[in-house]
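The values are calculated or read from the model by the stated rules, or taken from the named source; none is laboratory data. This one's a predicted model, so the numbers in the text were calculated from it and none came from an experiment. Neighbour counts are summed over all protein chains in view; Cβ atoms, including those assigned to glycine, are modelled from backbone coordinates with ideal geometry. For accessibility, only protein heavy atoms count, side chains too; no ligands or nucleic acids. Shrake-Rupley method; radii C 1.70, N 1.55, O 1.52, S 1.80 Å.
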Amino acid sequence: GLILIALTTIPNFMGRIDFNVRAIQWGLLVLWPIGTGTVKACVNVFGAKQFHPILQSSLIERYYVNFYMCINIGALTGGVVVPIVAQWDVTWAYCIPVMVLVVGV
């Protein structure tokens, strides 16, 4: 979804001179929510399952604190950096989340 949204910002890339509204609708309304809902629902539980629930309960708590801290730092950074970059170039502004996601995966 994020890749499709980023590609819609490149003029003439998807075969149209004007803004490809259909592609951005698919990216924003279908693909992005499916990917976000699938990943966020599974990643935090998968990470916590790496620890023994009784013997390593303090590590589970520390994992959740660090996990949500990283998510909040990423959201704050994205909310500040992306609008600043969008003033310069919209394509790069949409490519930043894609690149961060690729690095994270």
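Data table
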| read-out | value |
| --- | --- |
| Apportionment of accessible area to carbon and sulfur, the chain, percent (1.4 Å) | 72 |
| Extension gain (nm, one decimal) between residue 67 and residue 92, 0.36 nm per residue minus Cα-Cα | 6.3 nm |
| Accessible area of the chain divided out per residue, in Å², using a probe of 1.4 angstrom | 75 |
| Surrounding net charge for residue 56, when Lys and Arg each add one and Asp and Glu each subtract one, Cβ distance under 14 Å | +1 |
| The chain: DSSP helices with Cα axial extent of at least 27 Å and average Kyte-Doolittle hydropathy no lower than 0.5 | 57-88 |
